[in-house]
1. Report the Rg/Rh value for segment 101-168, based on alpha-carbon coordinates and the Kirkwood definition of Rh.
2. Starting from the 7 Å offset along Cα-to-Cβ, what nm value, one decimal, do you get for the label separation of THR191 and THR174?
3. Would you kindly calculate the translational diffusion coefficient of segment 97-230, applying Stokes-Einstein with the Kirkwood radius from alpha carbon pairs, for 20 °C and a viscosity of 1.002 mPa s, and quote it in µm² s⁻¹ without decimals?
4. Taking the Cα atoms of segment 98-140, report the difference between the largest and smallest coordinate on each principal axis, in whole Å and largest first.
5. Counting only other residues whose beta carbon sits under 9 Å from that of LEU124, what net charge do I get with K and R as +1, D and E as -1?
6. Using 0.36 nm per residue, how much length does the chain from THR131 to SER164 gain when fully extended, once their Cα-Cα distance is taken away?
Amino acid sequence: MAKLGLRSVNISMKNFALRIVLAGAFITSGFFAHTAIAADYPAKITNKVTVTLPTDVTDPNLTNNESNTAAGGVTPVVGQACTAVETDLDTACATDTNTLSVVTPQPTKSFSPTTVDVDDVSTLTITLTNTNNFVATLQSNFVDTFPANLVLATPANASTTCGSATLVAIDGGTSITLNAGATIPANGSCTITADVTSSSTGTYNNVSGTLDTGMGTSGTANASLQVQSATITINDVVLAEGNAGTTNFVFTVSITNGVTTTSNI
């Protein structure tokens, strides 16, 4: 049994809407459906979403991390309020901008040895370094084009330690390409190696293209290879012969290209 004071309610019974004024009466039995009105619900529902940012992602705007209404002239608390002051109860902040703090991966390169004879081989090593806490993925091809007269040796012996990599290095070719999709490990590096050679003397300054990992454009990598021809000089020896018999002559042989000989001359 429910006792009701003086009030007015909406009643729906057997599809008929009745308005009944109850004045201190008692309801002894019966069922009724109460039509919901706005006063039955809270004026405001607070929804809170917590987002865990990935490593190296920072939030530069802490003022909009939690919706704290400013209705009624209440000043939002820093760190708990929307960027825009809420002017009504149905306004909420649902937008945030976060910053990913990254270091652009960079390429470097070297030749070994740095000086070779004509048609001899030097090994080119390109190193791609990623100092971020997450894997870097090439968004476009990384290309290293050689200067004129410098080519890949035959065989080129090309290889790479980069992940998911497709390396294009054709024997006798004039460039190396690491295709998009290759990965550089987090807080690490990977390498591209290939043998190069030249049939012409000179200093070859090899400058690579830039590295595109979607984290800004890298610098280029460069290294120089010296190619020299073998020049052998034998000094003249003048020695007067004395008494009949054997005379010893001493010849001085000089190699001027700086290449270390691998066999006797």
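Quick note: the coordinates plus some simple rules give every number you see, no bench work behind them. None of the values given here were measured: they were computed from a predicted structure. Cβ sites come from the backbone with ideal geometry, for glycine too, and all protein chains shown count toward neighbours.
1. My calculation puts Rg/Rh at 1.02.
2. Once both label points are built, they end up 2.8 nm from each other.
3. On the way: Rh = 15.2 Å.
D = 141 µm²/s.
4. 55, 18, 11
5. Taking every Cβ under 9 Å from that of LEU124, the sum is -1.
6. 10.0 nm
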